[in-house]
Amino acid sequence: MSTEVKSILTSRTWMQMIIVAVILCFAGVLSAPFSPSWAWSMIFGSFTGPLIVLFVILIISRVADLSGVSRQKLALLYTVASMSFVFCYSMVPYGILHNSVRIRLTTFEPYTSAVANSFVFGPSDRDLVALIQTGGVAAPMGAWGSWIGWWTVYAIMWLLFWTGWLALLERRWIEIERLPYPAAATGTLPIELITAPKEGDPRLKFFFVGWIIGAISILPVILHALYPAFPDIYGWSAAPYLSWWFGVINLAGVPATKVIPVWAFLPVNPMIYALFFLFPLKILFSIWVFQIFGVLIPAQVAWYMGYYSGIQEAGWRAGFLLGQPPFKYNGIWLGAFIGLILTWFVLNSSYMKSLFKKETEEAAIPHMLGWAFIGISTIVLIGMLIAAGVNPAGSVLIVFTMWVIFLSSARVFGFASVIGTAWYGPFDWTHYMTFTKYLWHPGMTADILSANPDLAREYTTTMLLTNRFTGEIMGENNTQFGMAHAIPMCYRVGVDMGVHPRDITKLILATGIISAIIGFPTAVWFDYLVGTNNTPMGLYDAWWIWTHPNAATVENQPAADPLWPYLLAGIILSAILSFLNFRYVWWPLDPAGVAVGLGGGGTAWIFPALIAWIAKSIVMRVGGTRLNDRVVVPICVGLLVGYWFLMFLGAFLGLIKFFMPA
């Protein structure tokens with residue numbers, strides 16, 4: 001970053017961005033309940049929000065003169081459009097709110113009684129809470145005040161935590177190492193096309209070719225969802241396709257695959273393949289090679305040897321691979337992510353030391369301010385968790401778990417930004433409990449908890465808050481929407497468009513705070529007004545109480561004990577690969593690619609990575625970077641934009657149809 005780059009955040013620009021942020025926050029939180037179930041109620045998010053906003057501006061730029069709009073200002077708009085939705089979309093705040101409601105309206109002992117009086121999970125008056133389902137009443141904001149206040153502050157503290165960390169790492173990751181964050185192309189390319197000179201940009205036509213392909217590819221799905229009489233051409237709405245993993249086949253429902261029972265999933269969604277094409281070749285190679293030779297073949301051999309008994313007839317194969325011997329891939333997967341970030345710190349210790357000594361005007365945040373953000377937010381978060389009833393050691397482990405999982409994920413995301421689809425990284429409900437559970441496990445049972453109410457209260461509160469109640473604030477595991485992945489994407493787009501990273505940091509903080517302040521109270525007010533029974537969303541993803549604190553379920557997650565050898569194996573694997581990748585230019589496997597290769601249920605990314613690798617290799621061999629950058633990448637980015645924009649239009653039509661049924 002040149003020292004000549006100056007701040008463009010004038011008072012006028014600040015006002016414009018704040019107004020946009022407020023509008024988008026309300027648009028996100030008020031539209032989420034009406035997003036159709038076939039879209040997983042996730043149309044607006046930290047990735048799709050700016051994508052839709054920029055495409056609308058691109059269309060306007062074709063018919064109106066926008067020559068006064070600079071790339072820098074559009075990059076600021078990208079940041080605002082992304083961060084506006086981090087606490088104003090379906091999972092946050094509604095997932096947190098609706099799971100709090102579920103706890104109050106469900107009897108699941110000893111867990112629901114244990115937290116019956118905990119304000120963190122909403123008012124204790126069951127009848128008052130039940131009104132949120134039927135709606136048509138004024139929201140009892142006073143009764144929900146403690147819940148709103150706690151979760152709003154909790155979200156803001158996590159925002160400070162992640163802004164501190166990612167702003168301090170911005171110079172190294174974004175400007176020196178130049179991590180590509182491939183999905184950021186959905187921001188940079190539209191901005192470049194909007195601000196292209198009058199004679200135009202030759203990439204524009206290829207972008208629109210891709211847009212048409214993406215729109216057409218998803219159109220039959222939208223038409224069938226809106227009008228069931230329209231044939232389900234792809235069959236995505238029924239088995240063997242997964243409802244929560246759009247356009248992915250659950251191969252357990254395909255009898256012909258019983259000969260390879262360890263092969264769990266097959267994506268056929270063209271959006272996934274276009275996304276993978278944007279990844280670096282070495283990352284693609286590492287993903288498919290490791291999924292075949294590090295997961296699929298070893299697991300198949302293990303099955304021949306008698307492991308994974310019953311997998312052929314099971315309806316869910318991934319659980320065998322992830323949780324059972326001989327490999328317990330869930331442990332190795334998590335260990336690989338942890339090992340990758342820990343190794344990075346070791347290899348970059350001099351850079352980390354410099355953050356305590358040398359200040360620079362080019363930094364995304366003054367170093368001492370960044371460390372202050374981290375220190376203050378960590379102390380406040382631990383204090384809030386203890387005040388909520390979490391075990392003191394558990395509160396520390398919760399912060400550590402979120403840090404190590406999502407910081408490693410943010411780095412891997414820089415090479416392979418698997419977004420808008422599921423199972424990219426080890427941050428599902430089975431992973432969050434990895435460290436905290438050992439405060440009581442193995443051996444904890446429901447009977448022990450029933451006999452000790454104080455223990456039950458502490459255990460249940462800790463296990464709920466160590467899981468999705470906290471994790472979803474960082475990132476949603478089925479889409480990767482959320483601030484842990486949005487913040488570095490904002491820096492990538494901003495720096496590429498010539499914006500001073502400190503301007504990006506300021507907008508990340510301001511917009512994120514606005515999102516939290518608007519999101520949580522508005523969700524409570526709106527649900528009581530409309531009623532969750534009256535929206536397509538219903539009580540969103542509201543099943544956490546039955547698994548997250550359930551001692552019998554927790555006992556064997558994320559894999560059967562002993563887990564530590566597999567965690568250690570993953571850490572060592574990443575450490576060795578990181579050293580080899582750093583030391584030898586010719587080394588073919590990238591640790592980030594291998595970490596992704598351990599995901600996707602162990603086998604889902606074979607074909608997306610392999611086909612993208614073959615296609616990209618051919619493109620580079622035939623036409624080099626010119627063909628890749630000027631033709632194929634614009635087509636892929638256009639496909640992604642067309643796909644998600646049609647999803648947005650479909651959801652908008654679904655909203656109209658909901659209020660004005662034919």
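The values are calculated or read from the model by the stated rules, or taken from the named source; none is laboratory data. Quick caveat: nothing in here was measured; it's all calculated off a predicted structure. Neighbour counts are summed over all protein chains in view; Cβ atoms, including those assigned to glycine, are modelled from backbone coordinates with ideal geometry. Please note that ligands, DNA and RNA were not included when accessible areas were found on the heavy atoms of the full protein model with its side chains. Shrake-Rupley method; radii C 1.70, N 1.55, O 1.52, S 1.80 Å.
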Handout entry: Checking residue 604 against (1) assigned to a helix (DSSP H, G or I); (2) closer than 20 Å to residue 272 by Cβ, the condition it does not meet
Key = (1)
Fill in the blank from the handout: Filtering segment 544-565 down to residues that are open to solvent by 20 Å² or more (accessible area, probe 1.4 Å) and among the aromatic types (Phe, Trp, Tyr) yields 546, 564
Handout entry: Failed criterion for residue 317 (all others in (1) within 25 Å of residue 640 (Cβ to Cβ); (2) open to solvent by less than 10 Å² (accessible area, probe 1.4 Å); (3) among the charged types (D, E, K, R) hold)
Key = (1)
Problem - Candidates 353, 357 - the one that is out of contact with any Ser or Thr (no Cβ under 9 Å at 6 or more places or on another chain) and part of a loop (DSSP other than H, G, I, E, B) - result: 357
Exercise for the section: Kindly establish whether residue 541 is more than 23 Å from residue 396 (Cα to Cα), in contact with a Gly (Cβ under 6 Å, 6 or more places away or on another chain) and open to solvent by 10 Å² or more (accessible area, probe 1.4 Å). Expected result: yes
Practice task
Evaluate the following for residue 316: is it aromatic (Phe, Trp, Tyr), modelled with pLDDT under 95 and more than 22 Å from residue 407 (Cα to Cα)?
Solution key: yes
Exercise for the section: Select from segment 522-538 the residues that are within 23 Å of the chain's Cα centre (by Cα) and assigned to a helix (DSSP H, G or I) and write down the one among them that is surrounded by the most Cβ atoms within 10 Å (Cβ to Cβ). Expected result: 523
Practice task
Return the only residue of 380, 390 being under 20 Å from residue 158 (Cβ atoms), open to solvent by 10 Å² or more (accessible area, probe 1.4 Å) and touching a helix residue (DSSP H, G or I) at 6+ places or on another chain (Cβ under 8 Å).
Solution key: 380
Practice task
Can you give me the number of residues within segment 1-31 that are in a loop (DSSP other than H, G, I, E, B), loosely packed, with under 14 Cβ neighbours inside 10 Å and modelled with pLDDT of 85 or more?
Solution key: 2
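Output the residue which, of all residues in segment 183-213 that are small (Gly, Ala, Ser) and within 20 Å of residue 493 (Cβ to Cβ), is surrounded by the fewest Cβ atoms within 10 Å (Cβ to Cβ).
196
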Exercise for the section: Determine, yes or no, whether residue 369 is assigned to a helix (DSSP H, G or I), open to solvent by less than 30 Å² (accessible area, probe 1.4 Å) and either closer than 24 Å to residue 594 by Cβ or not small (Gly, Ala, Ser) (or both). Expected result: no
Problem - Candidate set from segment 214-247 (those that are crowded, with 20+ Cβ neighbours inside 10 Å and at pLDDT 95 or above); member that is farthest from residue 421 (Cα to Cα) - result: 215
Handout entry: Close pairs (6 angstrom Cβ cut-off, 6 or more residues apart or separate chains): closer than 22 Å to residue 94 by Cα in segment 504-516, buried (at least 24 other Cβ atoms within 10 Å of the Cβ) and of a type in the set (Phe, Trp, Tyr) anywhere
Key = 515/87; 516/87
Handout entry: Conditions (1) part of a helix (DSSP H, G or I); (2) open to solvent by 20 Å² or more (accessible area, probe 1.4 Å); (3) out of contact with any Asp or Glu (no Cβ under 6 Å at 6 or more places or on another chain); (4) within 20 Å of residue 337 (Cβ to Cβ): number failed by residue 620
Key = (4)
Problem - Selection status of residue 462, within 22 Å of residue 425 (Cα to Cα) and either at pLDDT 95 or above or part of a loop (DSSP other than H, G, I, E, B) (or both) - result: no
Exercise for the section: Please indicate, with yes or no, whether at least one residue in segment 545-565 is aromatic (Phe, Trp, Tyr) and assigned to a loop (DSSP other than H, G, I, E, B). Expected result: no
Handout entry: Residues that are in contact with an Asp or Glu (Cβ under 9 Å, 6 or more places away or on another chain), open to solvent by less than 10 Å² (accessible area, probe 1.4 Å) and over 19 Å from residue 156 (Cα atoms), drawn from segment 73-123
Key = 75, 76, 98, 99, 101
Exercise for the section: Output yes when any residue across segment 571-588 is buried (at least 20 other Cβ atoms within 10 Å of the Cβ), among the β-branched types (Val, Ile, Thr) and modelled with pLDDT under 95, and no when none is. Expected result: no
Fill in the blank from the handout: Within segment 303-359, the count of residues that are in contact with a His (Cβ under 9 Å, 6 or more places away or on another chain) and without any contact (Cβ under 8 Å) to a residue 40 or more places away in the chain comes to 5
Completion exercise
Going through segment 333-365 in order, the residues found to be of a type in the set (A, V, I, L, M) and over 18 Å from residue 581 (Cβ atoms) are 334, 352, 355, 363, 364, 365
Completion exercise
Considering residues that are open to solvent by less than 40 Å² (accessible area, probe 1.4 Å), within 25 Å of residue 418 (Cα to Cα) and among the polar types (S, T, N, Q), the number found within segment 32-69 is 4
Problem - Verdict on residue 491 being buried (at least 24 other Cβ atoms within 10 Å of the Cβ), within 22 Å of the chain's Cα centre (by Cα) and of a type in the set (Phe, Trp, Tyr) - result: yes
Completion exercise
Expected output for segment 565-581 (first residue β-branched (Val, Ile, Thr), partner open to solvent by 50 Å² or more (accessible area, probe 1.4 Å), Cβ below 8 Å, 6+ apart or cross-chain) is 571/342
Practice task
State whether one or more residues within segment 402-409 are open to solvent by less than 30 Å² (accessible area, probe 1.4 Å), more than 30 Å from residue 270 (Cα to Cα) and modelled with pLDDT of 95 or more.
Solution key: yes
